[in-house]
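Undergrad: Pasting in a structure now, in structure tokens, and then I'll have a few things to ask.
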Amino acid sequence: MTADTAHFQQFDVTTQPSQGVTHVAALRAEMRKLGLDGFIVPHEDEHQNEYLPDANERLAWVSGFTGSAGAAIIFMDRAILFADGRYTLQSREQTDPSVFSVEDFHANALSDTIAKAARGSVIGYDAALISPFSLNALQAAADAAGVTLKSVSPNPLDLAWGAARPAQPMAMIVPHPLEYAGAASADKRAHLASILKANGISAALITAPSSLAWLFNIRGGDVIRSPLPLGQAILNNDGTAELFIEPAKISDGLLEWLGNGVSVAGPQDVTTALKAYAGQTVMIDANLSSAYWLEAIKAAGATALTADDPCLLPRACKNEVEIAGTTAAHIRDGALLSTFLHWVATEAQAAFPTEIEVAQKLESIRRTAGDLRDLSFDTISGFGPHGALPHYKVTVASDLKTAKGNLLLVDSGGQFLDGTTDVTRTMAMGEPTAEHKRMFTLVLKGHIALATVKFPAGTTGTHLDALARQFLWAEGFDYDHGTGHGVGVYLGVHEGPQRISRALNKYPLQTGMIVSNEPGFYKAGEYGIRIENLQYVTEAEIPAGGERPMHCFENLTWAPIDRTLIDVALLTPAERAYMDGYHAKVLELVGPLVSDEVRGWLMQACAPL
């Protein structure tokens, strides 16, 4: 199929279950040469990315599975694919059951499998693809089971892939202007350097693409749907730095933008540069970097100190300029989204478009503004039973036509120079059922609870997660994904370290952090519901007589929520007041930016309940 150059998102089927037969056989042939009984294939690449360049889609190549999280272990007599609850159906549909068994990708899935391997067996891994934190857990399981874990290079999967493997991306790296960044790179480096120096650390090795982008105020295009450059950097405790990127990616004016405090070299020069730190302490993040870099620091004669990437929290806590920028981006995107929602409520109710047509319509509307740099992720356009798959990705093979009597779930976002958006709306096609309205309203009540909570300093997302689930729990329901993830500003749509979920998270929610608020409900085989806005942490006003400083959330996303799906009788007076206030604000902020026709509809969509 010819690529659709009018849209970022493509809908071709890129893998087939049948490829597992030949690709696993080719990998096993390379494993045999190395004396391996098994080989670990993570989804992550050399940069621990969630979204990957085509050249680094190793798990998809060997198995056919294209989800954004997972792993596999290929043994000589069997192969296991691990996928979490978001991808239960997709993982089985995309793999050949005669080659792969599919198991749940829980926290100890790989370790448990290694622990069951035959004593004396040798399991290989590529140290460039596994974090030190993950490797430690795998090594402990192997030691207890009498199994040898063996680091191998080059990667036998890469050898099996051979000449058919795509080339590594070479997108140009460009300056990210101060009007969007809000702080100069030299100031960021000086602040972080002072912390390194105060702790007796000579330098930090930084490998996370989002950290490179933030620290040096640069953006790239190596990673799909995220303006990230691939490379590495060494930040010294005097504020100077070395940035290691491919020379072909250096755009006109980039070196001048980086300034005299930053030297630039190629990625192949990192290990040589580390030798200058022999006898000194170099920090590295054991979660965001690979085991390869930890060993490279040690091999250089330096002492490796594992600690959080120094950019992690400063990047997550957006400055005033970034908050102002992303606020403006969300208002503009809210106008575009409202135009789309008007189309769904009018034309689409008669034309009944397919899921692909829905996604393309939304992207086409977003493109009309002229400032859309990319989608922030491939749009999830799921009708009926496909809406019950939280991370459904429509293809030409799965495309459903919408129809009366069910729900359409659309989760989408855009990348703009001043912000990254992510929003989900669930809409009725035709008249919703009483069940649709009841479940939607239970989800909405949880969304409102999380939007309006006040909480003291030190509160983490783990503490707040139950607020969004409580109304579903009361009726015996739940959902299997997190309630909220961090979001960047013209960076990744999934950004840490903060998140809102049942999983333990040690990072308190701090002023300037952006998180999503996206509870949902999914009835397998029938329909799905999710309501998602982005919101950021800010200081809350302390009520009279209050004793402790408090935080709250300020909303970022402004677009109407389908009132035909709300059972008003299930809302409290406070919840109704919240919805009326929210919709009044949508009308105030978005109304002036849409056409007269859309504004007329918006007035009805945002009328008091």
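Undergrad: Whole Å is fine, so just give me how far the alpha carbon centre of the range 478-529 lies from that of the range 86-138.
TA: Cα centres, the range 478-529 to the range 86-138: 25 Å.
Undergrad: Follow-up. Between Ala350 and Asp371, what length in nm is gained on full extension when 0.36 nm per residue of separation is reduced by their alpha carbon distance?
TA: Taking Ala350 through Asp371 to full extension adds about 4.5 nm, to one decimal.
Undergrad: Something else now. For the range 203-215, just list the computed ³J(HN,Hα) in residue order, Karplus coefficients 6.51, -1.76 and 1.60, θ = phi - 60°, integers in Hz, with x standing in for Gly and Pro.
TA: These are the phi-based 3J(HN,Hα) values: 7, 10, 8, 10, 10, 6, x, 5, 5, 4, 4, 6, 5 Hz.
Undergrad: In debye to the nearest 20, how big a dipole does the chain give about its Cα centre with +1 on each Lys and Arg Cβ and -1 on each Asp and Glu Cβ?
TA: 740 debye
Undergrad: So, one more: When you count, for each residue, the other Cβ atoms within 10 Å and take the mean per peptide, how do 516-525, 266-275 rank with the highest first?
TA: Averaged packing, sorted descending, gives the order 516-525, 266-275.
Undergrad: Taking the Cα-to-Cβ direction at Glu320 and at Asp252 and moving 7 Å from each Cα, how far apart do the two end points lie in nm?
TA: 3.6 nm
Undergrad: In Å², and per residue, what accessible area does the range 64-144 have when probed at 1.4 Å with the other protein chains present?
TA: 42 Å²
Undergrad: Label 7 Å along Cα→Cβ of Ala198; the range 295-322 residues with amide nitrogen under 14 Å?
TA: It comes to 314, nothing else.
Undergrad: What ³J(HN,Hα) values, in whole Hz, does the Karplus curve 6.51 cos²θ - 1.76 cosθ + 1.60 give for the range 377-391 when θ = phi - 60°, with x put for Gly and Pro?
TA: Values, residue by residue: 5, 5, 4, 8, 10, x, 9, x, x, 6, x, 7, 9, x, 10 Hz.
Undergrad: 222 nm [θ] for the chain, helices only, -39500 (n - 2.57) per DSSP H run of 4+, per residue, to 500?
TA: Computed mean residue ellipticity for the chain: -10500 deg cm²/dmol.
Undergrad: Then there's this: Please list, ordered by chain and number, the residues whose modelled amide H lies under 5 Å from the amide H of Thr354; skip anything fewer than 5 residues away on the same chain.
TA: Thr402
Undergrad: Would you work out if the range 423-465 is rounded, prolate or oblate? Take a ≥ b ≥ c from the square roots of the eigenvalues of the alpha-carbon gyration tensor; rounded if a/c is under 1.5, else prolate when a/b is larger than b/c, oblate otherwise. Show your work: numbers first, answer last.
TA: Numbers: a/c = 4.00, a/b = 2.98, b/c = 1.34.
It is prolate, given that a/c is not under 1.5 and a/b is the larger ratio.
Undergrad: Going highest first, how would you order 436-446, 589-599 by mean Cβ packing within 10 Å? Show your work: numbers first, answer last.
TA: On the way: 436-446: 22.5, 589-599: 15.3.
Descending mean neighbour count gives 436-446, 589-599.
Undergrad: Exceeding 28 Å between C-alpha atoms, which entries from my cross-link table qualify? They are Lys361/Lys523; Lys437/Lys506; Lys249/Lys506; Lys188/Lys275; Lys188/Lys506.
TA: With Cα atoms farther than 28 Å apart: Lys437/Lys506; Lys249/Lys506.
Undergrad: To continue, here is another question. How many Å² of accessible area per residue for the range 146-269, probe 1.4 Å?
TA: 40 Å²
Undergrad: For the range 90-153, compute Rh as the Kirkwood radius over C-alpha pairs and then the Stokes-Einstein diffusion coefficient at 20 °C and 1.002 mPa s; write the answer in µm²/s, rounded to an integer. Display every interim value, and only then the final one.
TA: Numbers: Rh = 13.0 Å.
In µm²/s, the coefficient is 165.
Undergrad: Still on this structure, please answer the following. For Lys116, which lysines qualify as cross-link partners when the Cα separation must be under 23 Å and same-chain residues fewer than eight apart are set aside?
TA: Result set, ordered by chain and number: Lys150.
Undergrad: How high is the FRET efficiency between Lys33 and Ala607 when r is their beta carbon distance and R₀ equals 51 Å, given to the nearest 0.05?
TA: So the FRET efficiency works out to roughly 0.15.
Undergrad: Provide the packing ranking of 85-94, 475-484, i.e. peptides ordered by the mean count of other C-beta atoms within 10 Å per residue, highest first.
TA: Ranking, from highest mean packing down: 85-94, 475-484.
Undergrad: If amide hydrogens are placed 1.01 Å from N in the peptide plane, which non-local residues have theirs closer than 5 Å to the one on Val147?
TA: Result for Val147 returns Gly120.
Undergrad: Of all accessible surface on the chain at a 1.4 Å probe, what whole percent is carbon and sulfur? Mind dumping the intermediate values first?
TA: Numbers: 13090 of 23880 Å².
It is 55 percent, rounded to a whole number.
Undergrad: In Å and whole numbers, how far do the C-alpha atoms of the chain stretch along each principal axis, longest first?
TA: Each principal axis gives a Cα extent; for the chain these are 67, 56, 50 Å.
Undergrad: Suppose the chain between Val568 and Asp77 were pulled fully straight at 0.36 nm per residue; how much longer would it get relative to their current alpha carbon spacing?
TA: That works out to 171.0 nm of additional length.
Undergrad: Check Val264: other-chain or 5+ apart residues with amide H under 5 Å from its amide H, H built from backbone geometry?
TA: Under 5 Å from the amide H of Val264: Leu243.
Undergrad: Using the Karplus curve 6.51 cos²θ - 1.76 cosθ + 1.60 with θ = phi - 60°, work out ³J(HN,Hα) for each residue of the range 450-459 in order, rounded to whole Hz, and write x for Gly and Pro.
TA: So the Karplus estimates, Gly and Pro as x, are 6, 6, 10, 5, 10, 8, x, 4, x, 6 Hz.
Undergrad: Give me the three principal axis extents of the range 1-68 from the C-alpha atoms, as integers in angstrom, largest value leading.
TA: Its Cα atoms span 49, 28, 16 Å along the three principal axes.
Undergrad: Ok, one more. Find the accessible area per residue for the range 350-407; the probe is 1.4 Å, ligands and nucleic acids are left out, and the unit is Å². Intermediate results must be reported in sequence, preceding the final value.
TA: Details: 2250 Å² over 58 residues.
Normalised by residue count, the accessible surface of the range 350-407 is 39 Å².
Undergrad: Sort the range 379-442 into rounded, prolate or oblate with this rule: let a ≥ b ≥ c be the square roots of the eigenvalues of the Cα gyration tensor; rounded if a/c is under 1.5, and if a/c is not under 1.5, prolate when a/b is larger than b/c, oblate otherwise.
TA: Taking the square roots of the gyration eigenvalues as a ≥ b ≥ c, the range 379-442 is oblate.
Undergrad: So how much slack lies between Asn108 and Ala474, counting 0.36 nm per residue of separation and subtracting their Cα-Cα distance, in nm?
TA: Values: separation 366, 0.36 × 366 = 131.76 nm, distance 3.02 nm.
Going from the current span to full extension adds 128.7 nm.
Undergrad: For the range 225-378, what number results from the quotient of the Cα radius of gyration and 2.2 N^0.38 Å?
TA: So the range 225-378 has a normalised radius of gyration of 1.50.
Undergrad: Which whole-percent values make up P(r) of the range 20-119 when all C-alpha to C-alpha distances are grouped in 10 Å steps starting at zero?
TA: That works out to 16, 49, 33, 2, in percent per bin.
Undergrad: Binned at 5 Å from 0, what are the whole-percent values of the Cα-Cα distance distribution for the range 153-233, short to long?
TA: Values per bin, smallest distances first: 3, 13, 17, 18, 16, 12, 9, 6, 6, 1.
The values are calculated or read from the model by the stated rules, or taken from the named source; none is laboratory data. Predicted model only: the values in this text are computed from it and were never measured. We place every Cβ from the backbone using ideal geometry, glycine too, and count neighbours over all the protein chains shown. Calculation scope for accessible area: heavy atoms of the full protein, side chains included, ligands and nucleic acids excluded. Shrake-Rupley method; radii C 1.70, N 1.55, O 1.52, S 1.80 Å.
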